[in-house]
Every structure is written in structure tokens, then in C-alpha cells.
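Below is one structure, written out as C-alpha cells, with a few remarks after it.
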Amino acid sequence: MLENNENTLKIMDLAIKKDPTLPAPYYITGFTYNYTDRYNEAIPFLQKAIDLETDSAKLSRSYLQLSVA
């Protein structure tokens, strides 16, 4: 499972580099860090997802994950 999480982080890093204006890769990165108990690493990605997101339903998910971090 750990390998899958690390692969997810690598893929999301590539996605962020390709288009840093999309909120989803930031959210997924933050979620993955939360899932692996790396809360301090999750915070900046979740905050960036919040800054970029315009859909209120998706925005609430980011706030929820941020409250866990």
C-alpha cells in the first residue's frame, strides 16, 4: 500500500508541474499525505487546493481534509 501512495504523490507532482492551476492534484496530494499520517506535509497542498477551487462541493472536501491535518 505504501508503494501506491508514493506513486500517487509522484503522479500528482507531475500533474501539478504540467498545470499548476488545477486544484485536484493539490487536493489528492494533501489527501494522500493525510492518509499516510503526514499531516504537516498535507497542509500546504490542501490550502492551495482551497485557493484554486471554485466548486463549493469540492471546496468543502478540502476544508474537511484540512481540519484533519
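Which percent of the accessible heavy-atom area of region 8-48 goes to carbon and sulfur, probe 1.4 angstrom?
That fraction is 62 percent.
How much length is gained on full extension from residue 68 to residue 21, taking 0.36 nm per residue of separation minus their Cα-Cα distance?
Taking 0.36 nm per residue and subtracting the Cα distance, the gain is 14.5 nm.
Stokes-Einstein D for the chain at 4 °C, 1.567 mPa s, Kirkwood Rh over Cα pairs, in µm²/s?
111
The values are calculated or read from the model by the stated rules, or taken from the named source; none is laboratory data. Bear in mind that the values here come from a model prediction, so they are computed numbers and not experimental data. Heavy atoms of the whole protein, side chains included, go into the accessibility calculation; ligands, DNA and RNA do not. Shrake-Rupley method; radii C 1.70, N 1.55, O 1.52, S 1.80 Å.
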